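In what follows, a structure is listed as structure tokens, so that the remarks can point back to it.
Read-outs: derived from the displayed coordinates by stated rules, not from any lab. Model, not experiment: these values are computed from the prediction. Neighbour counts run over all protein chains shown; Cβ positions are idealised from the backbone, glycine included.
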Amino acid sequence: MASSKDYLNFVLEQLSALDEITYRSMMGEFILYYRGKIVGGIYDDRLLVKPVKAAINYMPTIQYELPYEGAKEMLLVNEVDNKDFLEGLFKVMYDELPVAKPRQKK
């Protein structure tokens, strides 16, 4: 099941106070970037983030989910309605996120 553009727009609105939030569409889902680093994505209308230590410590409840079959587990963010929580989550995660690899040109 692909994610809806409406859900993407809702999440982007929740994160609108942060600079440099971008996304890329990939096979019906959306990869989210914060200041050039991959934070997570929207999969089946669920916000999932990378399971870095800062995110695990920040979230009140931890629930791991698979974004798609064969992928590594990610953290499900249940508090998408809470703007302050989401902004704080992305901020605390930033330093632990790896730098995105540049895309190779064909």
(request) Could you give the size of the charge dipole of the chain about its Cα centre, using +1 on the Cβ of each K and R and -1 on the Cβ of each D and E, expressed in debye and rounded to the nearest 20? (result) 700
(message) Helix-only estimate, please: 222 nm mean residue ellipticity of the chain, summing -39500 (n - 2.57) across DSSP H runs of length 4 or more and dividing by its residues, to the nearest 500.
(response) -7000 deg cm²/dmol
(message) Please list log₁₀ I(q)/I(0) at q = 0.11, 0.12, 0.20 Å⁻¹ for the chain, using the Debye equation with identical point scatterers on the alpha-carbon positions.
(response) -0.30, -0.36, -1.08
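When a footprinting reagent is the concern and you count Cβ atoms within 10 Å, what order do Val39, Val52 take, fewest first?
Values: Val39 22, Val52 19.
The fewest-first ordering by Cβ neighbours comes to Val52, Val39.
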(message) If I model a spin label as a point 7 Å beyond the Cα along the Cα-Cβ vector, how far apart are those points for Lys5 and Lys53 in nm?
(response) 4.2
(message) Only Cα pairs within less than 10 Å get springs; with that Gaussian network setup on the chain, which residue of Ala54, Ala17, Ala71 has the largest fluctuation?
(response) Ala71
(request) Compute the Cα gyration tensor for region 1-43, then decide on rounded, prolate or oblate, letting a ≥ b ≥ c be the square roots of its eigenvalues: rounded whenever a/c is under 1.5, prolate when a/b is larger than b/c in the other cases, and oblate in all that remain. (result) oblate
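Taking neighbour Cβ counts within 10 Å as the exposure measure, how do Thr61, Thr22 sort from fewest upward?
Fewest to most other Cβ atoms nearby, the residues stand as Thr61, Thr22.
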(message) Under 10 Å, Cα contacts only: if you run a Gaussian network model on the chain, which one of Asp84, Asp19, Asp45 comes out with the highest mean-square fluctuation?
(response) Asp19
